[in-house]
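Enquirer: Attaching a single structure in C-alpha cells format; questions to follow.
The values are calculated or read from the model by the stated rules, or taken from the named source; none is laboratory data. Small disclaimer: the values here were computed from a predicted structure and weren't measured. Backbone-built Cβ (ideal geometry, glycine too); neighbour counts: all protein chains shown.
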Amino acid sequence: MNSTSGVDQILGQIRALRQQTPTVRSEAPAALEGSKPLNGFADLFKQSIEAVEKTDETSGQLKEAFIRGDSTVSLAQVMVASQKADITFRGVVEVRNKMIDAYREVMRMSV
C-alpha cells in the first residue's frame, strides 16, 4: 500500500466516524450540563478540567471538615471523594496524553 492510499483510507475512516458521532452540544456529559454552550473540543476540554478542579476542591473541603471533627462528614465520604478526584484527574491526564500522541503522529506524517 502506498502512503497516498493509506492516508486516503484513514481520512475515509475519520469521515465515517465523524458522521456516526453525535454533536458535542447534544451529547455533553452530565457533569457539564447547565454550563455555557460548547463551541468545540477546546471548550469541552476546558470545562472538563474545571470539573476536575471542582471535584478536587470538594474532596479537599471534606478532608478539612473531617480533620476539624465535623460530625456530618464520615471517613467513608472523605475516601470516596478522594478516590473520585483521583480518578477524574487521571482521566484528564490520559486524554491529554492521547492528544499529545495524536499531535506527534500527525507531525510525523509526510505530506
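Enquirer: Looking only at the range 65-111, which residues are surrounded by 10 or more Cβ atoms within 10 Å (Cβ to Cβ) and among the small types (G, A, S)?
Expert: Passing the criteria: A65, S74, A81, S82, A85, G91, A102.
Enquirer: Oh, and also: Quick one: which of V7, V73, V80 is in contact with a Phe, Trp or Tyr (Cβ under 7 Å, 6 or more places away or on another chain) and either β-branched (V, I, T) or modelled with pLDDT of 90 or more (or both)?
Expert: V73
Enquirer: E94 - would you say it is without any contact (Cβ under 8 Å) to a residue 12 or more places away in the chain, closer than 24 Å to I14 by Cα and assigned to a helix (DSSP H, G or I)?
Expert: yes
Enquirer: Another question, if that's okay. Going through the range 10-58 one residue at a time, which ones are among the small types (G, A, S), more than 26 Å from F89 (Cβ to Cβ) and at pLDDT below 60?
Expert: Once the filter is applied, which keeps residues that are among the small types (G, A, S), more than 26 Å from F89 (Cβ to Cβ) and at pLDDT below 60, the range 10-58 yields only S26.
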